[in-house]
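*Asks:* Have a look at this one before I ask anything.
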Amino acid sequence: MLVKFYLNDTLVSYDVRPDEYLSETLRSHGIKSVKVGCNESTCGSCTLLVEGKPVMSCSVLTASIENKHVTTVEGIQEEAAKIAYHFAEEGADQCGFCNVGYALVVYSLKKTIKNPTDEQIVDYIVGNLCRCSGLQSQLNAIKAYLKEE
Amino acid sequence: MKVNEYYRASSLEDAYQKLQASPKNAIVAGGLWMKKMGQSYDSLIDLSKLGLDKISETKDEVIVGSMVSQRDFEDSKIVSFLFAGAPAFAVREVMGVNFRNLATIGGSIMGRYPFSDVITGLLPYDVTLEFYPAQKMSLEEYLNYKGKLNAILVAIHIKKGEGKGFFKKVKTTALDFPIVNIAVAKVNKEYRVVVGARPMVAARSYKAMEYLNNGGKDFAKAAELAVEELSFMDNKDASKEYRVDLAKVYVRRGLEEVSK
Amino acid sequence: MAIDKKNMKVVNNKTHSIDGTALMQGKGKYTDDLAEQGSLVIKILRSPHAFAHIKSIDVSEAQKLNGVALVLTYKDVPHVSFSRAGQGYPEPSPHDKFILDEYVRYVGDEVAMVAAIDERVAEDALKLIKVEYEVLEPVLDFETAYENKSVIHPEDGIKEMFPIGFDPKKNVAASYEMQVGDVEKELAKSDVVVDETFYSQAQAHAMLETHSSNARLDIHNRLVIYSSTQTPFHMRRIMATTLGLPVSKIRFIKPRVGGGFGGKQAFHGEMFCALTTLKTGRPSKLVYTREEVFGASYTRHPMRIRMRVGAMKDGRINAIDCRSLSDTGAYGEHSLTVFMIVGSKVLPLYNKVDAVRYGGLVVYTNHVPAGAYRGYGAIQGNYALESTIDILAEKLGMDPKVLREKNSMKEKETSPIFEIMGEGTKGTAMIMESCKLPYCIKRGAELIDWNKNWPRVKVSDTKVRGYGMAIAMQGSGIPFMDMGSCSIKLNDGGSYNVTVGATDIGQGSDTLIAQIVAEELQTSVDNILVYSSDTDLTPFDCGAYASSTTYISGNAAWRAAIKMRERLIKEAAEYLGEKPENVEFDGKIFTSKDKTVSLYDLSVQWLYNKNLHQASVTESYFGHVSPPPFMAAYAEVEVDLETGEYEVLNYVTVTDCGTTINPMLARGQVEGGIVQGLGMACYEDVKYDKKGNLLSNSFLSYHIPTHKEIHKLTSEFADSYEPTGPFGAKSVGEIGIDTPPAVICNAIYNATGVRVHTLPITPEKILKGLKELKK
């Protein structure tokens, strides 16, 4: 079936199976920045934004996003670089597999909640697993990014 | 998981007719963990065009569309005024935001999952489910309903009132199902006690509630009554004995909290 | 000669990861991102039985399915036993695995392989394979495995490469015994003897990128494999031997890797990709599902460890006797090496004993195979020993910190164990040239306010805070066995290509290597172009394991940079008409008296104008010693006495890893290790059903720590300089993971009086203990 949606503000039209998930659709169209860590709605690596909200793309049927706006990390390159700066400052970056999901979640957090509390930040990022870092460094990096004007 | 057709329903009647057309047709809610279940479907029926993703209120109740996401439910101003937001406490404990933006309140209820936090969190309150074709039943009636209900959940009605609520999910880490979950509330001066994930689906403890609502003041005793009345079992996550111990402590602590 | 850290401009200075921004921007290419368009997709049919013999297997229906390119069973693949462990040669692991076999030895073991045009066709084809099994009685309790009537490896053709105690007829993969002095005599003399047994679980690596590989043939018909691996060179060798190919026909490339932690030291799908591409001529790929990573790759070795420790009333520890039983699961990967480290990287902590003994068995069971996992052996041994030391301290009426200070390793000391025990072989004697453990203990105690808080602080009638500690050591590579190498090539303009075999699996070794070379050549990191881990293009390296990269590969890079610097000065001296000893080089300009020439000019001239040549060097390094990093760790936990639930409020560590080449990445290694260790200590439970099915096989049933569990990590480093390390560095990749099980166990005991002898330390176990105490 043909599904039309906005990929980083560009209207695209992909021919997909009715049971195809968004992570699969995007990767098969060359958007390899979408990382699939568990493919079962848990680890958060595949997180991207649909209508500005972070969702796990391994669990979104592509058919369900007709006419919606999808943001991958390609759509927030400058913000991703700023987030990367703070991750590096805190020593929070390692293998990078979860980082793209973090970039999108953290960007969305900054857009959604002004001056979030630590509890709100943790609540917002807890659905993104990371096995490399000590997690605290990530949290500190994210806090520094959120403070940026 | 295999699906032959993705069907965007144009009306509730349209969705209902499609659902009747084949036993292998199903409504798709949030779609989480669907592929883990590994089933095949003829048609998946999408309700997203039907405006079921709104939260509204009347003088007496809050009406939550079945397709409202868990995240929108917990963020809702309207819900925040309902028992100081207590019916949403449980939702906040479900996985992460990237999950709750997809998961719907309706999907969480319809599955009657034994591990549901959402159901435990709502059960202390006066919750009525509205179905299509026109039919209403309380959340508790639905939990006890035998067999599969051949209807589409349209909305969840939560009756307004005075009081406060408590919810506790005992878990290993944040991305976990509950080992046991406990919801306690005081609704218009009436105590409500619910224990879920025992590991069976949530249930009210009428013995505890009867004791408390007839002047019983000993919360530890109420907690004892609750664990006597409700059944508990072992599974891989915890023993029956541990679940009982946890339920006793948190029913008591919940009652202490809501009675303040 | 020690180099003053104050003079270092790049090393030991804050330096951002060279790939960090690109990875955050989604530009990093991991293995599956590099699979050829149109690759055949490989799926594996896995055993539903814990132990069975395949009586018959019929793949004809699967082969007929439209879109299926290849189906392989044990009848179609070379019957050559090998070890998937991904170790050097000859391996200290038994060769007990065939690519496919007529026996299946755990639920998840490979039965057959399908390659098809896409994943769905491959999955449909798996369902069409008809297998008739003769179900055998499995061994699912490792304490009953030894000499069990069910023999897990009855087949012919399996072997040990040199004596490791391999005795498959008794279900023994490896065994080991050693003794210094007379342990029984010393224990008998001791005023106090404690005797405690601990159990540790089969922790899962849970790296976020699942095991992935893909293959294609290049224009020379050579096999080119991208693999998410820690050991590309070992892979090439093992694959060549097993498939009967010359090494020259195989190229392994390691792109970005999404975490390894030891799990990617081994083979997972590479053999199947190679066979598919060789047999069909078509590109192929295999990406493990998350369930396959949990249920069909590797785990940590579960162990039972009995510690007997004897001491005199004054707190002098006389003797340690340690006996272990290790469960290697269905195959014996790393069976001996993990087992030996329980002794070799744990027991020397208390080096003043008169006698020490270590030994026991590594047994086969019908569980998911165990393999390498960060801190292997050390974390199991540390849990047992450091818990036992606390028990001993209580019996002696001593502060466990004081007991440790009195008995633990100090600078310029040694332990006889170093010479006796290596990894699978004899060890290497060494003196601790750098050991700031006493400082680490003292400083950690200050940071947690030990003297005020230990053992517990009451918060309320139901809440109490407990404080616990432990010390740990690791190693830095395997002496005379692990080798790394580095080539440096000067480009016109003065930048350098640095090629290394060193395997960056996310820990940041590319950045570290760039820093080391930049420091020596007095340039900036962005002038160093690192390319790593491609068996065609980079020099050899053993790979990322055994805490070897900073020390071994880092030393190789340092040596190459020193040599390049000498070479440049020599050639600049010729240009200037001076003696090399009179030429100074500041990274950009060569100066001798009043004459100068820039590196820029020289580098251009050498390629285009005068004295035409390519300036390049290659150096390699292997360790003569394995200097251990040390750590002291402390934790504050708050326990709910009514439910047993607890939270780790603060985890304090002070680490001696020599110079931190990259202080932020070093902290990342320590803290990342701690959080994995906390996972093992607190949350990560492994559960099987009675038939041997792994129940904890997803992130929903196997719980790694999330942001909500980690509250505060306080991490400091000791000022330390290891004379044999690059710019004074030792390793730091594994040390962080070692302490949490013992520290949390001790802290929970101090809070509640409950000693948990089985990992993980769950609230349910604590509450059960509390109820028993009340009886």
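*Asks:* Which numbered condition trips up residue A:98, out of (1) over 13 Å from the mean Cα position of the chain (by Cα); (2) touching a residue at least 60 places away in the same chain (Cβ under 8 Å)?
*Replies:* Every condition holds for residue A:98 apart from (1).
*Asks:* Within the bounds of the range C:759-775, is there any residue that is surrounded by fewer than 19 Cβ atoms within 10 Å (Cβ to Cβ), of a type in the set (Lys, Arg) and within 14 Å of chain A (Cβ to nearest Cβ)?
*Replies:* For the range C:759-775, residues surrounded by fewer than 19 Cβ atoms within 10 Å (Cβ to Cβ), of a type in the set (Lys, Arg) and within 14 Å of chain A (Cβ to nearest Cβ): absent.
*Asks:* Just for the range A:39-70: of the residues that are at the interface with chain B (Cβ under 8 Å from one of its Cβ atoms) and part of a loop (DSSP other than H, G, I, E, B), which one is surrounded by the fewest Cβ atoms within 10 Å (Cβ to Cβ)?
*Replies:* So the residue we want is A:66.
*Asks:* Identify, please: which residue in the range C:93-121 is of a type in the set (A, V, I, L, M) and within 14 Å of another protein chain (Cβ to nearest Cβ) and is, among those, surrounded by the fewest Cβ atoms within 10 Å (Cβ to Cβ)?
*Replies:* Filtering first and then ranking leaves C:117.
*Asks:* Checking the condition more than 14 Å from chain A (Cβ to nearest Cβ), free of Cβ contacts under 8 Å to residues at least 40 places away in the same chain and not small (Gly, Ala, Ser), which residue from C:223, C:245 passes?
*Replies:* C:245
*Asks:* Among the candidates C:709, C:684, C:716, single out the residue that is acidic (Asp, Glu) and within 9 Å of chain A (Cβ to nearest Cβ).
*Replies:* The match here is C:709.
*Asks:* Something else about it: Out of (1) crowded, with 17+ Cβ neighbours inside 10 Å; (2) at the interface with chain A (Cβ under 10 Å from one of its Cβ atoms), the odd one out for residue B:5 is which?
*Replies:* With (1) crowded, with 17+ Cβ neighbours inside 10 Å; (2) at the interface with chain A (Cβ under 10 Å from one of its Cβ atoms) applied to residue B:5, the lone miss is (1).
*Asks:* Let me ask something additional. List the number of the failed condition for residue A:17; all other conditions in (1) of a type in the set (D, E, K, R); (2) over 11 Å from residue A:57 (Cβ atoms); (3) in contact (Cβ under 8 Å) with a residue 24 or more places away in the chain hold.
*Replies:* (3)
*Asks:* Residue C:378 passes all but one of (1) crowded, with 24+ Cβ neighbours inside 10 Å; (2) in contact with a Phe, Trp or Tyr (Cβ under 8 Å, 6 or more places away or on another chain); (3) hydrophobic (A, V, I, L, M, F, W, C); which number fails?
*Replies:* Exception for residue C:378: condition (2).
*Asks:* Among the helices (runs of 4 or more DSSP H) confined wholly to the range B:66-153, which include 2 or more residues that are within 24 Å of residue B:235 (Cβ to Cβ) and under 14 Å from the mean Cα position of the chain (by Cα)?
*Replies:* Output list reads B:105-110, B:117-122, B:139-144.
*Asks:* Turning to a different aspect of this structure: Of all residues in the range A:99-146, which are within 13 Å of chain B (Cβ to nearest Cβ), in a loop (DSSP other than H, G, I, E, B) and in contact with a strand residue (DSSP E or B) (Cβ under 9 Å, 6 or more places away or on another chain)?
*Replies:* A:127, A:128, A:135 - these are the residues of the range A:99-146 that are within 13 Å of chain B (Cβ to nearest Cβ), in a loop (DSSP other than H, G, I, E, B) and in contact with a strand residue (DSSP E or B) (Cβ under 9 Å, 6 or more places away or on another chain).
*Asks:* Given C:34, C:65, which one is farther than 28 Å from residue C:667 by Cβ and more than 14 Å from every other protein chain (Cβ to nearest Cβ)?
*Replies:* C:65
*Asks:* Can I ask one more? Evaluate the following for residue B:45: is it closer than 25 Å to residue B:203 by Cα, surrounded by 21 or more Cβ atoms within 10 Å (Cβ to Cβ) and either without any contact (Cβ under 8 Å) to a residue 60 or more places away in the chain or within 14 Å of another protein chain (Cβ to nearest Cβ) (or both)?
*Replies:* So residue B:45 does not fit the description; no.
*Asks:* Among (1) surrounded by fewer than 15 Cβ atoms within 10 Å (Cβ to Cβ); (2) more than 14 Å from chain A (Cβ to nearest Cβ), where does residue B:39 come up short?
*Replies:* The number of the failed condition is (2).
*Asks:* Test residue C:712 against the criterion of being buried (at least 24 other Cβ atoms within 10 Å of the Cβ) and modelled with pLDDT of 95 or more, and give yes or no.
*Replies:* The answer is no for residue C:712.
*Asks:* Still on this structure: Go through the residues of the range C:241-248 one by one and say whether even a single one is assigned to a strand (DSSP E or B) and surrounded by fewer than 22 Cβ atoms within 10 Å (Cβ to Cβ).
*Replies:* no
*Asks:* May I pose another question? Can you tell me which residue in the range B:13-34 is nearest to the other protein chains (Cβ to nearest Cβ), limited to those that are crowded, with 18+ Cβ neighbours inside 10 Å and part of a helix (DSSP H, G or I)?
*Replies:* B:34
*Asks:* Quick one: how many residues across the range A:17-55 are aliphatic (A, V, I, L, M) and closer than 20 Å to residue C:256 by Cβ?
*Replies:* The number of residues fulfilling the criteria is 5.
Conditions (1) assigned to a helix (DSSP H, G or I); (2) surrounded by 24 or more Cβ atoms within 10 Å (Cβ to Cβ), marked per residue:
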{"residue": "C:478", "(1), (2)": "no, yes"}
{"residue": "C:487", "(1), (2)": "no, no"}
{"residue": "C:512", "(1), (2)": "yes, yes"}
{"residue": "C:517", "(1), (2)": "yes, yes"}
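For (1) within 26 Å of residue B:158 (Cα to Cα); (2) of a type in the set (Ser, Thr, Tyr); (3) touching a residue at least 40 places away in the same chain (Cβ under 8 Å), each residue gets a yes or a no:
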| residue | (1), (2), (3) |
| --- | --- |
| B:11 | yes, yes, no |
| B:14 | no, no, no |
| B:66 | yes, yes, yes |
| B:77 | yes, no, no |
| B:81 | yes, no, no |
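*Asks:* Do we find that residue A:149 is in a loop (DSSP other than H, G, I, E, B), more than 30 Å from residue C:294 (Cβ to Cβ) and more than 9 Å from chain B (Cβ to nearest Cβ) in this structure?
*Replies:* yes
*Asks:* Out of B:233, B:209, I need the residue that is in a loop (DSSP other than H, G, I, E, B), under 22 Å from the mean Cα position of the chain (by Cα) and away from chain C (no Cβ under 11 Å). Which one?
*Replies:* Testing whether each residue is in a loop (DSSP other than H, G, I, E, B), under 22 Å from the mean Cα position of the chain (by Cα) and away from chain C (no Cβ under 11 Å) leaves just B:233.
*Asks:* While we're looking at this one, here's another question. Quick one: in the range C:622-642, which of the residues that are touching a Leu at 6+ places or on another chain (Cβ under 6 Å) and within 30 Å of residue C:771 (Cα to Cα) is surrounded by the most Cβ atoms within 10 Å (Cβ to Cβ)?
*Replies:* C:636
*Asks:* Somewhere in the range C:66-86, is a residue closer than 30 Å to residue A:29 by Cβ and without any contact (Cβ under 8 Å) to a residue 24 or more places away in the chain?
*Replies:* No, because not a single residue in the range C:66-86 is closer than 30 Å to residue A:29 by Cβ and without any contact (Cβ under 8 Å) to a residue 24 or more places away in the chain.
*Asks:* May I pose another question? Residue C:465 passes all but one of (1) part of a loop (DSSP other than H, G, I, E, B); (2) in contact with a helix residue (DSSP H, G or I) (Cβ under 9 Å, 6 or more places away or on another chain); (3) of a type outside the set (A, V, I, L, M); (4) more than 30 Å from residue C:616 (Cβ to Cβ); which number fails?
*Replies:* Going through the list (1) part of a loop (DSSP other than H, G, I, E, B); (2) in contact with a helix residue (DSSP H, G or I) (Cβ under 9 Å, 6 or more places away or on another chain); (3) of a type outside the set (A, V, I, L, M); (4) more than 30 Å from residue C:616 (Cβ to Cβ), residue C:465 breaks only (1).
*Asks:* Would you mention how many residues in the range C:229-240 are within 24 Å of residue C:281 (Cβ to Cβ) and in a loop (DSSP other than H, G, I, E, B)?
*Replies:* 1
*Asks:* Looking for something closer than 30 Å to residue B:35 by Cβ, surrounded by fewer than 23 Cβ atoms within 10 Å (Cβ to Cβ), of a type in the set (Lys, Arg) and outside the structural domain of residue C:549 (by TED's automatic domain parsing) - is there at least one such residue anywhere in the range C:288-295?
*Replies:* Yes, the range C:288-295 contains a residue that is closer than 30 Å to residue B:35 by Cβ, surrounded by fewer than 23 Cβ atoms within 10 Å (Cβ to Cβ), of a type in the set (Lys, Arg) and outside the structural domain of residue C:549 (by TED's automatic domain parsing).
*Asks:* Of the numbered conditions (1) among the aromatic types (Phe, Trp, Tyr); (2) surrounded by 23 or more Cβ atoms within 10 Å (Cβ to Cβ); (3) within 14 Å of chain A (Cβ to nearest Cβ), residue C:51 satisfies every one except a single condition; which is it?
*Replies:* (3)
*Asks:* If you don't mind, there's one more thing I want to ask. Determine whether the range C:712-730 contains at least one residue that is free of Cβ contacts under 8 Å to residues at least 12 places away in the same chain and over 23 Å from the mean Cα position of the chain (by Cα).
*Replies:* no
The values are calculated or read from the model by the stated rules, or taken from the named source; none is laboratory data. Worth saying up front: this structure is predicted, and the values here are computed from it rather than measured. We place every Cβ from the backbone using ideal geometry, glycine too, and count neighbours over all the protein chains shown.
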